[in-house]
Amino acid sequence: MDQKKRILIAGIILVVILGIVLGVDFLQRQQATKEAPADMPPGSIPIFVDGGFVASFVPDDLSQLPAASFVDAEEGKTQDGWLLRDVLLLYLGEDNLQDETQVTVSSSSREKSRSLSWAEIDQQENMVMFDLSGRGTLKLVSTLPGFDIRDSWIQDVDKIEITSP
Amino acid sequence: MKQRYFSTFQLILLALFSALVIVAKIALRTPLQLSGHSGIFWMAIIIVGARVVPKLGASSIIGVTSGILASFLGLGDFGALNTFLSYAMVGVGSDLMLWLLRSDTENLVVAIIVGIFGHLGKFLTKWLFGVITGAPIGFVALGLLQAFLSYVIFGALGGLLGWLTLKALKRAGFFAYMAEKR
C-alpha cells in the first residue's frame with residue numbers, strides 16, 4: 001500500500017472518530033431531553049431554593065453575564081467563565097440572597113459538592129465562578145483560601161441548591 | 001543472549017522526553033486559552049522522541065512514563081487515573097499512526113497526522129471517562145465539537161513544530177552523530 005492510501009485511511013479514521021463522538025453526544029442529548037422537564041433544556045443546571053426548583057441556568061443566558069477570569073496559582077492556567085454571583089443574581093435577584101444564605105454546588109457524577117455562603121460568593125475578589133471544561137461541562141473554581149486548588153474544585157456541575165438561613 | 005527491544009540508552013532518552021513533556025506542561029505557557037492548547041508542545045516532543053528512538057512503542061513509553069510523572073505531580077482536573085490514561089493514550093495514539101504511516105515523520109503531512117491522532121488520544125480518554133462516569137452533557141451544545149476541533153488543530157500544530165525541530169536537528173547533524181554513537 002502506498003503512503004497516499006495510508007494518509008487517506010488516517011483521514012477516514014479521523015472522520016469516523018468525529019462521527020462517533022458527535023453521534024454519542026447527540027444520543028445523550030436526546031436521552032437528556034426525554035428525561036428532563038420541559039423547562040430544563042439538556043445540559044442546563046437546575047437551581048433549587050429550599051428544595052423547590054426555581055430556574056435552570058441555560059446557555060442562552062450567558063450573553064447577559066459579564067465574563068470573568070483569573071490565573072490559578074497551582075498551574076498558572078487561566079480559568080475563565082462566569083461568576084456564580086452573577087448567575088444567581090440573574091435568576092433569583094438580590095432579595096432572595098442574604099449574607100448567611102448557603103449555596104451548594106454539586107456534581108452527581110463526581111460525587112462532590114461545595115457549600116459556600118452568599119457573602120463569600122458575593123465578594124468578587126474570591127472569584128467563585130464557573131469555568132467551561134474541555135468537554136463542555138461547567139467547573140466551579142475560585143481563589144477562596146481552602147477552595148483554590150484543583151482537587152477541591154467541582155467538575156461536571158449539575159445542580160445548584162440554595163438554603164435560606 | 002537475547003537482545004532487548006530498547007537499549008538502556010534508548011530508554012534513558014525516552015525517559016528524558018517524558019520529563020520534557022511534563023516540563024512543557026508546567027512551564028511553557030501560551031496566551032491561548034482554548035482547550036488542548038498545550039498539545040502544541042507535547043506533540044512536538046513526542047514526534048521528536050519517536051524519531052530519535054525510531055522504534056514502534058517509543059511514543060507509548062514516553063506517554064506512559066509522562067503519565068506516571070503527571071499523576072504523581074497531581075496534574076489534571078479529573079484524578080490520577082484520568083491523568084495517567086490521558087498522557088498514556090497520547091503516546092499510544094501516536095504509535096498507532098506511526099505504525100500506519102510507517103514512522104515517516106520526516107514527511108510533514110505524516111508528522112501533522114501523528115500530532116493530530118496523538119493529541120486526540122487525550123481528548124478521547126477525557127471524553128470516554130465523562131461518558132462512563134455519567135458526567136452531564138455539555139453545557140454549551142457545540143462545546144464538544146469545538147473542543148474536538150481545538151485538539152485537532154493544536155495536535156496538528158504540535159506535529160508541525162515537531163517536524164520543524166526534526167529538520168533543524170537533521171541540519172545540525174544530530175542524527176549523523178547518533179548513528180556514529182550506535
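Computed values, structure above
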item: 3J(HN,Hα) from dihedral phi, the stretch B:55-71, Karplus parametrisation 6.51/-1.76/1.60, rounded to Hz, x for glycine, proline; result: 9, 4, x, 4, 5, 5, 5, 4, x, 5, 5, 5, x, 5, 4, 5, 5
item: Residues A:Arg110, A:Arg135, sorted so that the one with the fewest Cβ neighbours within 10 Å comes first; result: A:Arg110, A:Arg135
item: Reciprocal mean inverse distance between Cα atoms of chain B - Kirkwood radius, Å; result: 16.5
item: Prolate/oblate/rounded label for the stretch A:1-99 (Cα gyration tensor, a/c 1.5); result: oblate
item: Globularity index of the stretch A:55-153, i.e. its alpha-carbon radius of gyration over 2.2 N^0.38 Å; result: 1.03
item: Amide proton proximity set for A:Lys159, modelled H, under 5 Å, gap of 5+; result: A:Ser106
item: Cα convex hull of chain A - mean projected area over all directions, nm²; result: 12.7
item: Over the stretch B:62-103: Kirkwood hydrodynamic radius from C-alpha pairwise inverse distances, Å; result: 10.4
item: Neighbour-count order for A:Ile45, B:Ile137, B:Ile62, fewest beta carbons within 10 angstrom listed first; result: A:Ile45, B:Ile137, B:Ile62
item: GNM result for chain B, Cα springs below 10 Å: residue of B:Thr65, B:Thr165, B:Thr83 fluctuating most strongly; result: B:Thr165
item: Hydrodynamic radius by Kirkwood, which averages 1/r over all alpha carbon pairs of the protein assembly as shown, in angstrom; result: 21.7
item: B:His119, B:His37 arranged by Cβ crowding within 10 Å, fewest neighbours leading; result: B:His37, B:His119
item: Cβ-Cβ FRET estimate between A:Thr143 and B:Leu81, R0 fixed at 30 Å, reported to 0.05; result: 0.65
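Taken together, the values in this text are just the output of simple stated rules run on the coordinates, not laboratory data. Model, not experiment: these values are computed from the prediction. Cβ coordinates were reconstructed from backbone atoms using ideal geometry, including for glycine residues, and neighbour counts include every protein chain displayed.
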